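The values are calculated or read from the model by the stated rules, or taken from the named source; none is laboratory data. Please read these numbers as outputs of a predicted model, since none were measured by experiment. Because the Cβ atoms are built from the backbone with ideal geometry, glycine has one as well, and the counts that use them run over all protein chains shown.
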Amino acid sequence: MSEYFENIPVIPFGGADSKDPLAFKFYDPDRIVMGKPMREHLPFAMAWWHNLGAAGTDMFGRDTADKSFGAEKGTMEHAKAKVDAGFEFMKKLGIRYFCFHDVDLVPEADDIKETNRRLDEISDYILEKMKGTDIRCLWGTANMFSNPRFMNGAGSTNSADVFCFAAAQVKKALDLTIKLGGRGYVFWGGREGYETLLNTDVKFEQENIARLMHLAVDYGRSIGFTGDFYIEPKPKEPMKHQYDFDAATAIGFLRQYGLDKDFKMNIEANHATLAGHTFQHDLRISAINGMLGSIDANQGDMLLGWDTDEFPFNVYDATMCMYEVLKNGGLTGGFNFDSKNRRPSYTQEDMFYAYILGMDTFALGLLKAAALIEDGRLDKFVEERYASYRSGIGAKIRSGETTLAELAAYADELGAPALPGSGRQEYLESIVNSIFFG
Ligand code: XUL
Ligand code: CO
């Protein structure tokens, strides 16, 4: 098999002083951090759709990058060339996982039976490619948002026939995920939402989404899938309002419909910020509910109000992400680069520079998060901040051994409380800076 990325070597670890653009500066897979090698802390994944598909098209202009990989687009030959190119790409970067939508793998046919036949063919081809490598699927999913039939959603559609097509795609995507050794299965409800409440029965739609998820869990478990199902929250885009708005909303939904034992969150940085949160916020909300499962690693642009899917560059955000991940004891999933090159970064080298940037950013984030935890001042401060609940009336509140009347009597006795301890935000931020740059 010929190489697709002839001018790109296997990417070595060069170290922070390296000026080689095709070397990692911080991602050193064997380096031990808090007792385990970086590669285990950071199970990185390639997103099939962006890396092997997206070619720079935007609403105002066509492709800038050539992602034909020497074959005619829309053919099975092209689908196979993508597999070959993708495996070469992952091997050269030392990436051990990939994520896919069904229709990223093959061109979708008019008839679902033919699409499924193509999926069988390509998944046999991928399995063959996987032999002798440690590359596996991180998660699979069904694209239930591009085909016009899903204009009103998949689980939330007003058409029972379309609901059946959604079910068929989920079934096939689960089969493929299991076949390719996937650790998880994602639901991203791109069109599970509404444009206007004037035509929408929200309760009906949410019940149907839950129904589709239950059917997926039942089927998945019946064929031996032991991994996690994930919801990937996003507040909007393409729909005006999406039901899986953010982690808190999605977790409430899962609990309401009895899905919380089988599902966790797949948190995407740019989705969290679109919801008006920080990336860290949605990670924390997921973690404290025992539902931080996987991450779509990317970042948005502070000045743009949409999902720009940029490669992660912001080391502060990556650090606070890794801080949450370390405290969570890791992930059941991994770090999927749901990120794409900017339109003018259209060369093969740019594809590698982008992943080197993303992997280095998270490696740096891991090192700095470990340093913050080992330093201990942040943790100690937070612990002390709530010290008033460790004894006396505070301890009684925490243990539930009090009444509203007792607390009111206590307040009467005090007359006026002292001000709560200072939040010391600026002091804490200066600790973060000194750990970053000291
Ligand atoms: C879209 C998005 C999706 C999901 C998988 O914003 O993030 O690519 O990750 O469907
Ligand atoms: Co995503």
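Restricting attention to segment 415-438 and to residues that are exposed (fewer than 10 other Cβ atoms within 10 Å of the Cβ) and among the aliphatic types (A, V, I, L, M), the residue that is nearest to L364 (Cα to Cα) turns out to be L419. From the residues in segment 13-32 that are in contact with a strand residue (DSSP E or B) (Cβ under 7 Å, 6 or more places away or on another chain) and not in a loop (DSSP other than H, G, I, E, B), which one is surrounded by the fewest Cβ atoms within 10 Å (Cβ to Cβ)? Among them, the one singled out is F13. Among all positions in segment 248-256, there is at least one residue which is touching a strand residue (DSSP E or B) at 6+ places or on another chain (Cβ under 9 Å), farther than 30 Å from E128 by Cα and within 15 Å of ligand 1 (Cβ to nearest atom).
Criterion first (more than 16 Å from ligand 2 (Cβ to nearest atom) and at pLDDT 95 or above) does I295 satisfy it?
In short, no.
In segment 381-406, the residues that are of a type in the set (S, T, Y) reach residues that are exposed (fewer than 13 other Cβ atoms within 10 Å of the Cβ) with C-beta atoms within less than 6 angstrom, at least six apart or across chains, in these pairs: Y389/R398. Residue check: W306 meets all listed conditions (1) assigned to a loop (DSSP other than H, G, I, E, B); (2) under 19 Å from L357 (Cβ atoms); (3) within 11 Å of ligand 1 (Cβ to nearest atom) but one, namely (2). Scan segment 3-47 residue by residue and report those that are free of Cβ contacts under 8 Å to residues at least 60 places away in the same chain and either of a type in the set (G, A, S) or within 16 Å of ligand 1 (Cβ to nearest atom) (or both). Result: G14, G15, A16, S18, G35. Of the residues examined, T249 is one that is of a type in the set (V, I, T) and either within 16 Å of ligand 2 (Cβ to nearest atom) or within 25 Å of Q299 (Cα to Cα) (or both).
Would segment 251-259 turn up any residue that is closer than 16 Å to A154 by Cα, part of a helix (DSSP H, G or I) and among the polar types (S, T, N, Q)? No; the residues of segment 251-259 include none that is closer than 16 Å to A154 by Cα, part of a helix (DSSP H, G or I) and among the polar types (S, T, N, Q).
The single condition among (1) within 16 Å of ligand 1 (Cβ to nearest atom); (2) without any contact (Cβ under 8 Å) to a residue 40 or more places away in the chain; (3) buried (at least 17 other Cβ atoms within 10 Å of the Cβ); (4) not small (G, A, S) that H281 does not meet is (1). For segment 173-183, filtering for residues that are crowded, with 19+ Cβ neighbours inside 10 Å and either aliphatic (A, V, I, L, M) or part of a helix (DSSP H, G or I) (or both) leaves 6.
Residues are listed down the side, and each one gets a yes or a no for (1) surrounded by fewer than 18 Cβ atoms within 10 Å (Cβ to Cβ); (2) in the same structural domain as K73 (by TED's automatic domain parsing); (3) within 20 Å of G53 (Cα to Cα):
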{"position": "K91", "(1), (2), (3)": "yes, yes, yes"}
{"position": "F100", "(1), (2), (3)": "no, yes, yes"}
{"position": "P107", "(1), (2), (3)": "yes, yes, yes"}
{"position": "R117", "(1), (2), (3)": "yes, yes, no"}
{"position": "G140", "(1), (2), (3)": "no, yes, yes"}
{"position": "N147", "(1), (2), (3)": "yes, yes, yes"}
{"position": "A154", "(1), (2), (3)": "no, yes, no"}
{"position": "Y185", "(1), (2), (3)": "no, yes, no"}
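Within segment 298-323, the residues that satisfy the criterion of being of a type outside the set (D, E), within 16 Å of ligand 2 (Cβ to nearest atom) and in contact with a Leu (Cβ under 8 Å, 6 or more places away or on another chain) are G300, W306, F311, P312, C321.
Quick check on segment 188-234: of everything there that is of a type in the set (S, T, Y) and crowded, with 17+ Cβ neighbours inside 10 Å, which residue is farthest from ligand 1 (Cβ to nearest atom)? Reasoning before the result, please.
Within segment 188-234, the first condition is being of a type in the set (S, T, Y), and the residues that meet it are 194, 196, 200, 219, 222, 226, 230.
Subset that is crowded, with 17+ Cβ neighbours inside 10 Å: 194, 200, 230.
Working: Y194: 17, T200: 21, Y230: 10 Å.
The residue in question is T200.
Could you please let me know if P312 is surrounded by fewer than 22 Cβ atoms within 10 Å (Cβ to Cβ) and either closer than 25 Å to D104 by Cβ or within 16 Å of ligand 1 (Cβ to nearest atom) (or both)?
No; evaluated as a whole, the condition is false for this residue.
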